[in-house]
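Peer 1: Once you've had a glance at the structure underneath, I'll fire off some questions.
The values are calculated or read from the model by the stated rules, or taken from the named source; none is laboratory data. Keep in mind that this is a model prediction, so the values were computed, not measured. Cβ sites come from the backbone with ideal geometry, for glycine too, and all protein chains shown count toward neighbours. Quick note on the areas: whole protein, heavy atoms, side chains included, nothing else; ligands and nucleic acids left out. Shrake-Rupley method; radii C 1.70, N 1.55, O 1.52, S 1.80 Å.
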Amino acid sequence: MLRLRLSVRGARIAGRSGIAEICRPAVLAAFGMILCVGAAQAAGSSKEIIFARAQDADSLDPARVSTTISLQVMTQIYDTLLTMDANGELHPGLASEWKASDDAKTFTLKIRDVKCQDGSIFNAAAAKWNIDRVIAPATASPNASSYGEIASTAVDGDTLTIKLNKPYSPLLHFLANPLALMICPSSVHGSTFTAVGTGPWKFVSWDRNNQLVLARNPDYTNDDPLVNNSGPPYADRLIFRVIPEGPARMAALRTGEANFAEPSLQDAAALAKDKSYKVYTGANLSGQLAYVGFTEEIPPLNDPRVRRAVGYALNRNVMVDIGFNNLVQASDCPVAPGLMGYDPK
């Protein structure tokens with residue numbers, strides 16, 4: 001496929017002053033082309049954060065799904081083995097130390113003992129269990145290939161060793177990616193799954209296609225360099241409320257029923273001019289890009305010269321202006337800003 005990418009940049013969490021440190025950066029728009037608006041007024045109680053969005057999560061099992069709408073919730077419940085700062089440098093997460101062999105085929109990580117939200121312990125054995133589960137063919141995880149060709153995993157005390165059949169240098173950085181979230185083994189009981197993690201928010205209830213409720217994890221200690229708050233969230237509850245209709249979401253935002261909402265492009269453009277609201281577009285650290293794609297098997301697009309000509313003919317800036325109300329930035333680079341290989345030239 002020919003992919004003509006439009007960089008969607010700049011989103012963190014939206015909201016009124018003081019809310020930005022209540023939850024982690026992924027809470028509202030860390031992935032993909034989500035437009036979030038934060039109201040200046042509080043919604044409900046200052047003890048809770050309400051996010052009105054168009055769809056519900058598919059699942060809370062990171063080994064089973066990788067959709068943006070699910071990751072918005074899962075990144076609040078679970079942690080990763082490593083974390084990254086704004087420059088892409090690795091920092092501790094559930095792992096306090098890490099090392100890669102010179103041939104990029106053997107990786108060792110020292111895993112801390114961390115209390116899970118149900119009182120169980122996440123340790124090196126739990127990390128191994130997570131990776132083994134993801135790469136198992138029976139799991140059919142969409143994220144399995146991102147771990148490389150793993151030959152074996154082993155635990156010695158607090159140390160996890162991962163050996164690969166082929167060199168795979170991106171592994172450590174992938175372990176800091178939300179697609180590599182670690183669940184506590186107590187989440188799985190046969191065919192039953194209950195979301196249990198080590199993250200800042202713990203699962204409370206889920207009324208499908210209505211609302212998903214998380215509660216503050218009072219034992220949480222933050223290691224993510226992108227989050228200023230080193231302790232548990234300041235609010236008591238985080239609620240993801242499903243409101244499919246755009247006008248209804250905007251009404252919830254304007255009346256104070258919701259702190260945050262996903263607006264339409266038209267609403268986002270209008271609210272960006274209103275000082276009572278803050279509009280955040282895209283996701284500066286997500287690695288996500290919007291693009292125009294063509295199926296290369298269909299003539300005449302099976303000819304690379306035709307695809308190249310279409311690429312030259314399209315005006316990305318006009319597409320951004322018309323298609324996205326000039327709320328995002330065009331990019332000629334197929335790699336997203338902030339990722340290795342990005343070249344704005």
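Peer 1: Beta carbons within 10 angstrom, averaged per residue: use that to sort the peptides 107-115, 256-264, highest first.
Peer 2: So the order, starting with the most tightly packed, is 256-264, 107-115.
Peer 1: Which FRET efficiency value, to the nearest 0.05, do you get for Lys47 and Asp274 by plugging their Cβ-Cβ distance into 1/(1 + (r/R0)^6) with R0 = 30 Å?
Peer 2: So the FRET efficiency works out to roughly 0.70.
Peer 1: Still on this structure, please answer the following. For region 242-329, what % of the accessible area comes from carbon and sulfur atoms, probe 1.4 Å?
Peer 2: 51
Peer 1: Under a 5 Å amide H to amide H cut-off, with H placed in plane at 1.01 Å, what residues pair with Ile121 once short-range neighbours are removed?
Peer 2: The list, which skips near neighbours in sequence, is Cys116.
Peer 1: If you don't mind, another one. If you place +1 on the Cβ of every Lys and Arg, -1 on the Cβ of every Asp and Glu, and leave all else neutral, what size is the dipole of region 127-172 about its Cα centre, to the nearest 20 Debye?
Peer 2: 120
Peer 1: Using 0.36 nm times the number of residues separating Ser120 and Ser101, minus their current alpha carbon distance, what extension gain do you get?
Peer 2: Contour length minus Cα-Cα distance gives 3.6 nm.
Peer 1: Positive end of the dipole of region 88-163, charges at C-beta (+1 Lys, Arg; -1 Asp, Glu), about the Cα centre: which of Ile131, Gln117, Ala144 has its Cα farthest in that direction?
Peer 2: Ranked along the dipole, the leading option is Gln117.
Peer 1: Pull up the cross-link candidates among the aspartates and glutamates for Lys345, meaning alpha carbon to alpha carbon under 16 Å and not fewer than 8 places away within one chain.
Peer 2: Asp332
Peer 1: Now for a separate question. Going by average Cβ neighbours within 10 Å, how do the peptides 308-320, 175-187, 210-222 rank, with the highest at the top?
Peer 2: The densest-packed peptide leads the list: 175-187, 210-222, 308-320.
Peer 1: How large is ³J(HN,Hα), in whole Hz, for each residue of region 211-219 in order, when computed from phi with the Karplus curve 6.51 cos²θ - 1.76 cosθ + 1.60 and θ = phi - 60°, using x for Gly and Pro?
Peer 2: The phi angles translate into 7, 10, 10, 10, 10, 4, 8, x, 8 Hz.
Peer 1: Right, another one. Once amide H atoms are built 1.01 Å from N in the peptide plane, which residues 5 or more positions from Glu48, or in another chain, come under 5 Å H to H?
Peer 2: Asp236, Arg237
Peer 1: Suppose each label sits 7 Å from its Cα in the direction of the beta carbon; what would the Thr295-Ala151 distance come out to in nanometres?
Peer 2: 4.1
Peer 1: Let me ask another. For each pair in Lys47/Lys275; Lys105/Lys128; Lys110/Lys166; Lys99/Lys202, compute the distance between the two Cα atoms and list the pairs where it is over 26 Å.
Peer 2: Flagged as over cut-off: Lys99/Lys202.
Peer 1: Here is a follow-up. How far apart, in nanometres, would the label points at Tyr342 and Ala309 be if each is projected 7 angstrom from Cα along the Cα-to-Cβ direction?
Peer 2: 3.4
Peer 1: Can you give me the distance in nm between label points at Thr192 and Asp332, each placed 7 Å from the Cα along the Cα-to-Cβ direction?
Peer 2: 5.8
Peer 1: With +1 on each Lys and Arg Cβ and -1 on each Asp and Glu Cβ, and nothing else charged, work out how big the dipole of region 159-279 is about its Cα centre, in Debye to the nearest 20.
Peer 2: 160
Peer 1: I've got another one for you. Treating only the Cβ of Lys, Arg, Asp and Glu as charged (+1, +1, -1, -1), what charge dipole size does region 218-345 show about its Cα centre? Round to the nearest 20 debye.
Peer 2: In total the dipole reaches around 420 debye.
Peer 1: Follow-up question, since we're still on this one. Given a cut-off of under 8 Å on Cα pairs at least six residues apart, what relative contact order in percent is computed for region 142-277?
Peer 2: 12
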